[in-house]
Amino acid sequence: MQLLDQIIITCLEKIKTERSIQAIYYILIGKKSIQTVQDAHIFKIGSFYGIYKTLGRDAFDERILQLKKQNVIKPHVENTIQLTEKGLNIVHQQKDDSFFQHINGLRYSDMEVAFSERLLLVIQTVTNSKMGYYSFIPIIDRSTITTWVRQFFYVHKDNQDKVLLALYHELRQLLKGISDLHASIFVDRLTGYQNYGQSIQQLCYQYNLHEHDIQLRLTATHHYMLHEVLNLQSQYPLLTNFVNDLTTNRFITNSAKKTNQLLHQHYSLKQIAAYRGLKLNTIYDHIVEIAIYDPSFPLHQYVDQSAYQEIIAAIKQANSFKLKQIKQLLRETTSYFQIRLVIATTTISLKSGENNESNSLFN
């Protein structure tokens with residue numbers, strides 16, 4: 001079974017019929033919406049957020065169609081999909097641990113492309129420069145990447161031997177921590193002097209894997225590298241240069257970051273909306289986003305303890321994260337915004353009878 005199929009059915013097992021199949025597609029491509037981010041958070045599938053940004057909707061729909069034909073999934077109500085007994089059995093079988101253990105989309109999806117493209121272009125640039133060949137065609141032509149690589153090369157141009165040796169040792173150390181398959185696919189993508197990295201299509205042919213598998217395995221490798229470099233900077237001093245400026249924005253949207261800055265200046269939500277010329281509901285979206293990413297978020301400023309307990313009870317009674325169902329069980333004075341905040345800041349399982357409330361200010 002393709003990795004993409006495994007991911008889809010894993011997401012379905014977590015989401016059940018709480019969301020449409022479109023929600024899973026939005027998670028995989030990393031849609032920049034608070035609803036998608038919150039779905040990834042509350043259903044505990046954040047590792048998959050943004051791991052396949054180039055996945056086309058037609059290609060995704062084709063996988064859904066094939067899974068239906070294989071009797072792995074079946075239609076449910078309101079454009080939702082559920083797993084068949086066969087699908088549930090597949091979910092509980094052994095997964096490809098060499099892939100699943102390394103991905104963390106919510107943490108690394110926005111960093112991955114820049115990191116991997118910088119690395120590819122630096123290797124190509126320095127290896128060609130070392131041999132005195134300057135007429136090569138860059139394999140990456142995005143201006144943000146080429147500008148960064150020029151600056152990197154300018155700083156290190158007098159120490160090219162040291163740079164190449166450091167890159168070799170640091171990458172060699174990194175690749176020891178992943179499977180031979182993932183390491184080989186990564187190395188085969190590298191372009192150097194008189195050596196051209198293989199395309200995705202060529203890798204598919206060489207390893208007898210679908211394009212989806214190649215793309216996802218490369219993503220897993222990049223996430224693993226980012227994790228190691230960010231957490232062990234003393235062991236990877238050169239590669240740390242590739243990521244230092246990629247970790248400054250923890251929010252999924254820059255707009256939420258601006259709202260957060262105004263909050264710290266003690267503006268009220270209505271004042272922020274007026275100041276920024278935005279609707280109050282948009283500011284509510286920003287606050288929910290901030291709550292997801294900020295472990296010290298002051299939930300008590302927006303939801304008192306009594307309302308919090310009532311919302312938790314309503315979620316458990318509804319056995320659902322659907323806002324309308326939860327709202328129907330609460331007082332009229334309890335807002336959708338408050339419900340969303342509680343969901344964003346509290347880890348809740350929908351499995352009945354389980355003591356499942358955690359990670360909240362009121363615990």
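Out of segment 328-340, which residues are within 30 Å of the chain's Cα centre (by Cα) and either under 24 Å from residue 254 (Cα atoms) or surrounded by 18 or more Cβ atoms within 10 Å (Cβ to Cβ) (or both)?
Filtering segment 328-340 down to residues within 30 Å of the chain's Cα centre (by Cα) leaves 335-340.
Result: 336, 337, 338, 339, 340.
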Quick one: which residue in 343, 348 is surrounded by 16 or more Cβ atoms within 10 Å (Cβ to Cβ) and modelled with pLDDT under 90? 348
Just one of the numbered conditions (1) under 23 Å from residue 49 (Cα atoms); (2) surrounded by fewer than 16 Cβ atoms within 10 Å (Cβ to Cβ); (3) touching a residue at least 12 places away in the same chain (Cβ under 8 Å) is not true of residue 253; which one? (2)
Those residues of segment 93-119 which are within 27 Å of residue 159 (Cβ to Cβ) and modelled with pLDDT under 90, in sequence order: none
Residue satisfying all of: in segment 293-307; under 29 Å from the mean Cα position of the chain (by Cα) and farther than 18 Å from residue 262 by Cβ; surrounded by the fewest Cβ atoms within 10 Å (Cβ to Cβ) among these: 295
Cβ contacts < 7 Å: first residue at positive phi, restricted to segment 316-330; second residue surrounded by 15 or more Cβ atoms within 10 Å (Cβ to Cβ), any location; separation 6+ or different chain. Result? 319/350
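Rundown of residues vs (1) surrounded by 14 or more Cβ atoms within 10 Å (Cβ to Cβ); (2) of a type outside the set (Val, Ile, Thr); (3) not assigned by TED's automatic domain parsing to the domain that holds residue 238, yes/no style:
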site: 141; (1), (2), (3): no, yes, no
site: 146; (1), (2), (3): yes, no, no
site: 150; (1), (2), (3): no, yes, no
site: 153; (1), (2), (3): yes, yes, no
site: 157; (1), (2), (3): no, yes, no
site: 160; (1), (2), (3): yes, yes, no
site: 163; (1), (2), (3): yes, no, no
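Is it the case that some residue within segment 45-61 is of a type in the set (Phe, Trp, Tyr), in contact with a Gly (Cβ under 7 Å, 6 or more places away or on another chain) and either in contact (Cβ under 8 Å) with a residue 60 or more places away in the chain or more than 30 Å from residue 141 (Cα to Cα) (or both)? Working first, answer last.
As a first pass, look at segment 45-61 and keep what is of a type in the set (Phe, Trp, Tyr): 48-49, 52, 60.
Keeping just the survivors that are in contact with a Gly (Cβ under 7 Å, 6 or more places away or on another chain) gives 48-49.
Keeping just the survivors that are either in contact (Cβ under 8 Å) with a residue 60 or more places away in the chain or more than 30 Å from residue 141 (Cα to Cα) (or both) gives 49.
Among the residues of segment 45-61, at least one is of a type in the set (Phe, Trp, Tyr), in contact with a Gly (Cβ under 7 Å, 6 or more places away or on another chain) and either in contact (Cβ under 8 Å) with a residue 60 or more places away in the chain or more than 30 Å from residue 141 (Cα to Cα) (or both), which makes the answer yes.
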Subset of segment 37-53, residues over 11 Å from residue 107 (Cα atoms) and hydrophobic (A, V, I, L, M, F, W, C), comes to 37, 40, 42, 43, 45
Tally, over segment 33-59, of residues that are more than 11 Å from the chain's Cα centre (by Cα) and either on the phi > 0 side of the Ramachandran plot or not in a helix (DSSP H, G or I) (or both): 6
All but one of (1) farther than 18 Å from residue 220 by Cα; (2) surrounded by fewer than 15 Cβ atoms within 10 Å (Cβ to Cβ) hold for residue 101; state the number of the condition that does not hold. (1)
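How many residues, within segment 60-113, are part of a loop (DSSP other than H, G, I, E, B) and of a type in the set (D, E, K, R)? Before you say what the answer is, go through the steps one by one.
The first filter runs over segment 60-113 and keeps only residues part of a loop (DSSP other than H, G, I, E, B), leaving 70-72, 76-80, 84, 93-96, 101-104.
Subsequent filtering for residues that are of a type in the set (D, E, K, R) retains 78, 95-96.
Residues flagged as part of a loop (DSSP other than H, G, I, E, B) and of a type in the set (D, E, K, R) within segment 60-113 amount to 3.
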Counting only residues that are within 23 Å of residue 202 (Cβ to Cβ) and either exposed (fewer than 11 other Cβ atoms within 10 Å of the Cβ) or not assigned by TED's automatic domain parsing to the domain that holds residue 234 (or both), segment 165-188 contains a total of 1
Listed residues 89, 71, 79, 128; which is within 30 Å of residue 166 (Cα to Cα) and of a type outside the set (Asp, Glu)? 128
Selected residue (only one of 72, 122, 37 is closer than 23 Å to residue 157 by Cβ, among the hydrophobic types (A, V, I, L, M, F, W, C) and buried (at least 22 other Cβ atoms within 10 Å of the Cβ)): 122
Test: residue in segment 158-181 that is out of contact with any Phe, Trp or Tyr (no Cβ under 9 Å at 6 or more places or on another chain) and outside any helix (DSSP H, G or I): yes
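The values are calculated or read from the model by the stated rules, or taken from the named source; none is laboratory data. In this text the structure is predicted, and so the values were computed from the model without any measurement. All Cβ positions, even for glycine, are placed from backbone atoms using ideal geometry, and neighbour counts span all protein chains on display.
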